[in-house]
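The values are calculated or read from the model by the stated rules, or taken from the named source; none is laboratory data. Because the structure is predicted, anything quoted here is derived from the model rather than measured. All Cβ positions, even for glycine, are placed from backbone atoms using ideal geometry, and neighbour counts span all protein chains on display.
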Amino acid sequence: MALGRGLVEPFLEENRAVMSLRQTEKILAAPEALSLETRTAFRRTASELLDQLPEGTGRLVIDLSGTRTVDSAGLGALMLIQRKAAERRQIVCLRGANEELRFLLVLTKLDDLFELEGRSA
């Protein structure tokens, strides 16, 4: 799929399409349940996307608008993704997190580690 001379880069992993309109940004759609069962594949995909971004300027947007539940393993996966991004001087943005997840991020003080964008962003 091409848009504007091939600026959109599709990335497929278990039926989750990831597209980027900018070379310094990748978007990853999180699974409906970010949990023990899905964390490994999700983290691997995020890691591959971070590796594709330029070190020092890259931004990974994790779209949580379709995510209904996040357990402790899912939070752990987000933390490990953030750690890798920080080592590469990249940014991780959580987009579209529901109120429950936002509350959980604040409660665990993880909200300081991520950029947060609203559900409509």
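Overview of results
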read-out	value
Criterion violated by L116 - all others in (1) in contact (Cβ under 8 Å) with a residue 24 or more places away in the chain; (2) in contact with a strand residue (DSSP E or B) (Cβ under 8 Å, 6 or more places away or on another chain) satisfied	(1)
Verdict on L49 being on the phi < 0 side of the Ramachandran plot and at pLDDT 95 or above	yes
Residues of segment 89-106 classified as surrounded by fewer than 16 Cβ atoms within 10 Å (Cβ to Cβ) and more than 20 Å from A33 (Cα to Cα), total	1
Any hit, segment 48-70, residues being under 26 Å from F103 (Cβ atoms), exposed (fewer than 13 other Cβ atoms within 10 Å of the Cβ) and out of contact with any helix residue (DSSP H, G or I) (no Cβ under 8 Å at 6 or more places or on another chain)	yes
Residue list for segment 11-42, filter: hydroxyl-bearing (S, T, Y), in a loop (DSSP other than H, G, I, E, B) and at pLDDT 70 or above	T24, S35, T38
Residue match in segment 58-69 (condition: aliphatic (A, V, I, L, M), modelled with pLDDT of 95 or more, assigned to a loop (DSSP other than H, G, I, E, B) and touching a Lys or Arg at 6+ places or on another chain (Cβ under 8 Å))	yes
